[in-house]
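As structure tokens, the structure follows; a few thoughts come after it.
No lab work stands behind these numbers, since they all come straight from the coordinates. From a predicted model like this one, the values you see are computed outputs, not experimental measurements. Note that each Cβ is placed from the backbone with ideal geometry, even for glycine, and that neighbours are counted across all protein chains shown.
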């Protein structure tokens, strides 16, 4: 069984780790990662979601944070601050900086991001084929109510999404191309999973890469999603602020309807929600969806493996 996952950072990485614990080595998993959060900082290319996936699946992540390296230090960032440089709200750890330096050197040698990602993943052996959504440089910017446009990471990390957003703008996205292997991973999959990642700026950005949504619409594989919203609140982060900016209700039902049912022009065949959102599952079933309510908080790897099993069971795909 071939499984393809469309993933953002922490939520997608943790879901995929549970999925791997469930399916083992016998069933190949491909992860297509959002690269809209990428940015140039201190002259190096930072790819937050790719790195979170690589570190989490490779066993090096800072578990309490959910991102960054375990046993990290920040001597370089501290010394940059002594020169009056850098941002106090976005510091690169010393070990993490080595990853960005390596990525940048390989990119500047002419290697595309997909090949660079494969090269970096050789060290961490994440147990999946890890693909960026595109080799093109795409960055998500946020247009604020006062008209200013800032990078998504500044809005997310510095302002904690507390400054109202008018809309999101992804530079170069409309003219980007899927990275090699992305469309094939969707076309040839036996099941496609949408983990509890941000539906607007993570999964939504992947879907907006030309060709990706069409590939999802035409694949023979069922597409199952896991709600990132539990009881009217995002599981992690400030996805509610992103949903509000595009006029979508922060609820399991609201996100399901935002993605849409594939039979009606959307992307999903099935939607797994938390047990507190059982009424939403009932409404979706009445509307023709495959939907079920189970505990979906990813508290540890065995629990997350059970969530992944419930998602696969919802589309009758068992490892």
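General remarks:
- Computed over the range 122-279, the ratio Rg/Rh where both radii use C-alpha atoms and Rh is Kirkwood: 0.97
- Convex hull of alpha carbon positions in the range 92-133: directionally averaged projected area 3.2 nm².
- For the chain, the longest principal axis of the alpha carbon atoms and the long axis of helix 113-124 meet at an angle near 90°.
- Legend: ranking of residues 220, 313 from fewest to most surrounding C-beta atoms inside 10 Å; resulting order 220, 313.
- Highest-MSF residue in the chain out of 76, 29, 276 [GNM, Cα springs under 10 Å]: 76
- Compactness of the range 25-122 as Cα Rg over 2.2 N^0.38 Å, two decimals: 1.13
- FRET efficiency, residue 163 to residue 64 (Cβ-Cβ, R0 25 Å, nearest 0.05): 0.40
- Computed on the range 76-134, with alpha-carbon pairs under 8 angstrom and 6+ residues apart, the relative contact order is 23 percent.
- Most fluctuating residue given options 83, 259, 55, as computed from a GNM of the chain linking Cα atoms under 10 Å: 83
- Considering only alpha-carbon pairs that sit under 8 angstrom and 6 or more positions apart, the relative contact order computed for the chain is 20 percent.
- The range 99-196 - convex hull of alpha carbons, volume per residue in Å³: 155
- Order of 77, 177, 7 under a 10 Å beta carbon neighbour criterion, fewest first: 177, 77, 7
- The value obtained for the chain, namely the Cα convex hull volume divided by the number of residues, is 123 Å³ per residue.
- Kirkwood Rh in Å, taken over all unlike Cα pairs in the range 267-319: 11.3
- Order of 261, 213 under a 10 Å beta carbon neighbour criterion, fewest first: 213, 261
- Taking every alpha-carbon pair in the range 17-74 and binning the separations at 10 Å intervals from zero gives 20, 43, 29, 7, 0 percent.
- Computed over the range 205-319, the range of Cα coordinates on each principal axis works out to 37, 35, 29 Å, biggest value leading.
- The value of relative contact order for the range 28-177, using C-alpha pairs under 8 Å at least six residues apart, is 27 percent.
- Between helix 10-23 and the chain: long-axis angle, C-alpha atoms, 0 to 90°, nearest 10: 60
- Nearest-ten-degree value, helix 301-314 long axis tilted from longest Cα axis of the chain: 40
- Rh by Kirkwood over Cα pairs, then Stokes-Einstein D for the range 220-268 at 1.002 mPa s and 20 °C, µm²/s: 189
- Choice from 216, 173, 144 with maximal GNM fluctuation in the chain (Cα, 10 Å cutoff): 144
- Using equal-weight Cα scatterers in the Debye expression, the normalised intensity of the range 183-256 in log10 at q = 0.17, 0.19, 0.23, 0.24 Å⁻¹ is -0.66, -0.79, -1.01, -1.06.
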